[in-house]
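Colleague: Handing you a structure now.
The values are calculated or read from the model by the stated rules, or taken from the named source; none is laboratory data. On a predicted model such as this, the values are computed, not experimentally measured, just so you know. Here Cβ is always computed from backbone atoms with ideal geometry, including for glycine, and neighbour counts include all displayed protein chains. Heavy atoms of the whole protein, side chains included, go into the accessibility calculation; ligands, DNA and RNA do not. Shrake-Rupley method; radii C 1.70, N 1.55, O 1.52, S 1.80 Å.
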4 protein chains.
Amino acid sequence: MRTAVIVVDMLNPYDHEDADRLVDSVERVVEPTAGLIERASGDGAELIYVNDNYGDWNSSSEELAERALKGRRPDLVEPLLPPEGTDFVIKARHTIFYMTPLEYLLAQKEIGHVVLAGQVTEQCILYSALDAYVRHLDVTIPTDAVAHIHEELAEAALKMMERNMRAELVSSAECRLEA
Amino acid sequence: MRTAVIVVDMLNPYDHEDADRLVDSVERVVEPTAGLIERASGDGAELIYVNDNYGDWNSSSEELAERALKGRRPDLVEPLLPPEGTDFVIKARHTIFYMTPLEYLLAQKEIGHVVLAGQVTEQCILYSALDAYVRHLDVTIPTDAVAHIHEELAEAALKMMERNMRAELVSSAECRLEA
Amino acid sequence: MRTAVIVVDMLNPYDHEDADRLVDSVERVVEPTAGLIERASGDGAELIYVNDNYGDWNSSSEELAERALKGRRPDLVEPLLPPEGTDFVIKARHTIFYMTPLEYLLAQKEIGHVVLAGQVTEQCILYSALDAYVRHLDVTIPTDAVAHIHEELAEAALKMMERNMRAELVSSAECRLEA
Amino acid sequence: MRTAVIVVDMLNPYDHEDADRLVDSVERVVEPTAGLIERASGDGAELIYVNDNYGDWNSSSEELAERALKGRRPDLVEPLLPPEGTDFVIKARHTIFYMTPLEYLLAQKEIGHVVLAGQVTEQCILYSALDAYVRHLDVTIPTDAVAHIHEELAEAALKMMERNMRAELVSSAECRLEA
C-alpha cells in the first residue's frame, strides 16, 4: 500500500474573507509542509496537489500559482510551489474528492494511505479526511502542517478525525511516507 | 423550493459500541423528532427516511424496522417508525448521500431545503449537512431532534454546520416546513 | 479476483411501452439465466440482483417481486425469483451503477469480474457494461442470457461491448464463475 | 434553460491505435465544428471543452493543445483550438462526466441542454450522451460534427441516442443554441 502526500489549497492569494485569521496559522505550517513535500519524493511517496479553482474554469496549476504569488502573501506561497511535473487536481468545492478525478488517480497509483497537509483544518481538511475514510483509505494528519481559521473548531475537527475517521495525528516529521 | 424532513438512522437496535452514550441523548430527541415527522405531512414537506443497512444487503425498510424493534431499546424505535409508504433510502456508509439515490430523489421532488433529524450529530448528521451544502441545498438542523455520542464534539459540529455550511440551527418546533 | 453474476431488471411486470417486443426475447433467456443463477452459488460466485424501482421509493425486493408476479407475464418472472437472502440493489435510472451502492458492494466483496445477465441488451446492459469498464472491472456478457427490444441495436451493442469495453461474449454455459 | 456546446477530445495528437480510421472522419467534421464554436458565443450559448489528459495528471489546456499541435495532424487541431478563456474540463476516462466537475459546472451555469460535438461518436459521444440523459439534460448531436472510427457502430450509436436517450439529431447548422 503506497502513500500520497496531498497538499490542499496552499496556492492561495489570501484575499478572501477570514484570510487574516488564516494567515496567522499558515505562517507556522509553511516550513513543516515544505519539509513534507521534500521528503515525499525521497521516501517513495506520491506528491499530489489539490487546489480550488476559485471559480475560474480555465485555470491551470501554473495560473493558480501565479495568481497566488501576486496575492497578499507571496511569502507563504513561494516555499510551497509544486515541483515541476507534480500531479495536480483542480477542485471547485470544499472537499478534494467531490467531482474531481482524485479517487481515480489514487486507485491508478495504488495508493491506500493519504497524508493531508494544507488548509483549512476544520473545513477542507476535515471534509477530505471524511471522504477518504468513507472510501476506506487510511488517513494521517500532520498536525503541524495543517492551518486553521478558528482554533477551537480546528481542535474539535482533529478529535473527530482521530475518533470517528481513524486518522493518525502525528507531527510532520513522524509521518510514515515509505511504501 | 420544497422541504424534506430527513430522518437519519433512527431504526437502530442500539447494540453497537458507544450505544450506551448514544441512548442517553436519543431519549431526549424521540419526542421532538416524532413531532417533526407528524408535522411533515401536514405542512406539505416530504418525509424521507435514510437508514444504514448494517452490512445486510438484503434488507428492506420493514426488516430494518423489525430488527430495531427486537433490539435493546424498542421504546426509542417504536414512536419513530416510518408511516406506511414513506420514501426510504438505504445507505451503507456514513453520509446519507454517498452511493445512495438520495440526491436523485431530492432533485425529482424539487427539494432545495433539507431538515436533518436523527443521529449522530457529530458524525452522520455533520457529514450529511456537509454533503448537502456542497450540493447547494439549504440545511436546517433541529437541535432538539439530533442525538450525539460525545457532547463536546456535537457542540463543535453544530458550530461548524452554522459557520461553515450555512445551516440554520433552530428548535424542531420552529423548523420551516412549508413549501 | 472474484466474480459476481448480476441479474438486471428481471423483476418486471412487462406492462411498459415496448414490453411486447421485449418479451419475445425474454422468453428465450429465462432458462439460460436460471441456469446461471443456479451455478453462481455452486461455483463460488456472488449473486446480486439489481432492479429498477419503477419510481416507487418505498419498494423492497419482496414488493418488486410480488408486483412483477402480478404483471402480464408471471411465467417469465417466477423461474428467476431471487433465492432467499440474495444481495439486492435498487436502482432508479438506466445503469446499475448510477446513484446506487453497487460499486461499494463489489469492492467490499473484492469482486473484479461481473457477468451481466438480464435486460435490456442495448440499454441497461450496455450502459452497465460501460460503467463497469470505466471502473476497471472485467465484464462478461452471456449472450443467451440478455434480452433485447431492438435486434439490430442489440447486435451493435454487443459489438461495442466487445470492441470498446473489452467484454467477453460467451454462452451462459461457458461463463467463468469460479474465483 | 441555457445551452452549452461541448467540444470533446478534439485536442488529439492522433498517434493512438485506430487513429488512421478516425482521421478520415475527423477531416469532414473540422469545418462544421469550427462553425459551431464560432456560433456558440454569438448565440449566447456556453462553450466548454472537455479533453482527455492521456494519463498526464499535470496537463493544462495549453499543454494539451501544444501536444496535439505537435502530433501527426496539426491541421485537424489548429482550426479547433479553444478561444482564450474558454472553460476547460480535463477527463481521465471515457465519458465527460465520470469523475469530472462537468456536472457541477453545468449546474452553476444553469445549463439544461448540451450539444455534443467531437469524437468518437460510438464511444465518448455515446457514453456522454447517456450520462447527460441519466442526469435529465437535453441532448443534441450535430451529426456532421461528430467523428467515428467504425461507421456501422457509429450509425447504431446515433440510433441509440435518438431512440433511447431522446437526443435530437440535426446538422450543426440547425442546432438550437439560443437560451
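Colleague: State which entries of A:K91/D:K109; A:K91/C:K91; B:K91/C:K91; A:K91/B:K109; B:K109/D:K91 exceed 22 angstrom in Cα-Cα distance in the structure shown.
Modeller: Those over the limit are A:K91/C:K91; A:K91/B:K109; B:K109/D:K91.
Colleague: Ok, one more. Below 16 Å, Cα to Cα, which lysines can C:K159 reach? Residues fewer than 8 away in the same chain don't count.
Modeller: The qualifying lysines are D:K159.
Colleague: Find the relative contact order for region D:49-178 and round it to a whole percent, using C-alpha pairs within less than 8 Å whose residues are 6+ positions apart.
Modeller: Contact order relative to length: 20 percent.
Colleague: Taking D:A107 in one copy and the same position in all the others, each labelled 7 Å out along Cα→Cβ, what are the pairwise distances from the first, in nm, shortest first?
Modeller: Spacings between copies for this position, smallest first, are 0.7, 2.0, 2.1 nm.
Colleague: Sticking with this structure for a sec: When each copy gets a label point 7 Å from Cα toward the beta-carbon at C:G42, what are the spacings between them in nm, shortest first?
Modeller: With the label placed 7 Å along Cα→Cβ, C:G42 yields 6.0, 6.1, 6.8 nm.
Colleague: If you don't mind, another one. What residue among C:S41, C:S61, C:S25 shows peak mean-square fluctuation when chain C is described by a Gaussian network model with Cα springs under 10 Å?
Modeller: Largest GNM mean-square fluctuation: C:S41.
Colleague: Which whole-Hz couplings ³J(HN,Hα) result when phi for each residue of region B:151-160 is put into the Karplus expression 6.51 cos²θ - 1.76 cosθ + 1.60, θ = phi - 60°, listed in order with x for Gly and Pro?
Modeller: Working through the residues one at a time gives 4, 5, 5, 4, 5, 5, 4, 4, 4, 4 Hz.
Colleague: Another question, if that's okay. Just to be sure I understand the interface: list residues from region C:30-60 that lose 50 Å² or more of accessible area between the chain on its own and the complete protein assembly, 1.4 Å probe.
Modeller: C:W57, C:N58
Colleague: Counting each DSSP H run of 4 or more residues in chain D as -39500 (n - 2.57), what helix-only mean residue ellipticity at 222 nm follows after dividing by all residues, to the nearest 500 deg cm²/dmol?
Modeller: The helix-only estimate for chain D comes to -11500 deg cm²/dmol at 222 nm.
Colleague: Skipping prolines and chain starts, which residues have an amide H placed within reach, meaning under 5 Å, of the one on C:M99, given they are 5 or more residues away or on another chain?
Modeller: For C:M99, no residues qualify.
Colleague: Counting only residues 5 or more places away or on other chains, whose amide H sits under 5 Å from the amide H of A:A167 once H atoms are built in the peptide plane?
Modeller: Counting only residues 5 or more places away or on other chains, the set is A:E162.
Colleague: Can you compute 3J(HN,Hα) from phi for each residue in region B:22-30, using the Karplus curve 6.51 cos²θ - 1.76 cosθ + 1.60 with θ = phi - 60°, rounded to whole Hz and x for Gly and Pro?
Modeller: Per-residue couplings from phi come out as 5, 5, 4, 7, 4, 3, 7, 9, 4 Hz.
Colleague: Here is a follow-up. Put a point 7 Å out from Cα along the line to Cβ at B:S171; what are the distances to that point in the other copies, in nm, shortest first?
Modeller: Values, ascending and in nm: 5.0, 7.0, 7.3.
Colleague: If N is the number of residues in region B:8-100, what value comes out of its Cα radius of gyration divided by 2.2 N^0.38 Å?
Modeller: That works out to 1.06 for region B:8-100.
Colleague: What is region B:3-42 by shape, rounded, prolate or oblate, if you read a ≥ b ≥ c off the alpha carbon gyration tensor as root eigenvalues and call it rounded for a/c under 1.5, prolate for a/b larger than b/c, and oblate otherwise?
Modeller: prolate
Colleague: Here is a follow-up. What number, in percent, do you get for the relative contact order of region C:1-109 if the mean sequence gap of Cα pairs under 8 Å and at least 6 apart is divided by its residue count?
Modeller: RCO, region C:1-109: 36 percent.
Colleague: Express the carbon and sulfur contribution to the solvent-accessible surface of the protein assembly as shown as a percent, rounded to the nearest whole number, probe 1.4 angstrom.
Modeller: The computed percentage sits at 45.
Colleague: How charged is the neighbourhood of A:L177? Take every other residue with its Cβ under 12 Å from the Cβ of A:L177, and add Lys/Arg as +1 and Asp/Glu as -1.
Modeller: -2
Colleague: So which residues of region C:149-175 lose at least 40 Å² of accessible area, probe 1.4 Å, when you go from the chain by itself to every protein chain present?
Modeller: Relative to the lone chain, where solvent access is computed with a 1.4 Å probe, region C:149-175 loses at least 40 Å² at C:L153, C:K159, C:M160, C:R163, C:N164.
Colleague: For chains A and B related by rotation, which residue of A has the Cβ nearest the axis, and what is the rounded distance in Å?
Modeller: Looking at chain A's Cβ atoms against the axis toward B, the nearest is A:A156, 2.
Colleague: Hey, can you find the accessible area per residue of chain A for me, probe 1.4 Å, expressed in square angstrom?
Modeller: So chain A comes to 39 Å² accessible per residue, rounded to a whole number.
Colleague: Within 10 Å, at most 11 other Cβ atoms, and a DSSP state outside H, G, I, E, B define an exposed site. Report the longest part of chain D free of exposed GluC sites (Glu not before Pro).
Modeller: After excluding every exposed loop site, the longest remaining stretch is D:111-177.
Colleague: Could I ask something else about it? Quick one: 3J(HN,Hα) in Hz for region B:67-82, Karplus 6.51/-1.76/1.60 with θ = phi - 60°, rounded, Gly and Pro as x.
Modeller: Values, residue by residue: 5, 5, 5, 8, x, 7, 9, x, 5, 8, 9, 4, x, 10, 4, x Hz.
Colleague: Based only on the alpha carbon positions, what is the Kirkwood hydrodynamic radius of chain B, in angstrom?
Modeller: 15.9
Colleague: Around D:D52, which amide H atoms from residues at least 5 apart in sequence, or from another chain, sit under 5 Å from its own amide H, with H modelled in the peptide plane?
Modeller: HN-HN under 5 Å from D:D52: D:D9, D:K91.
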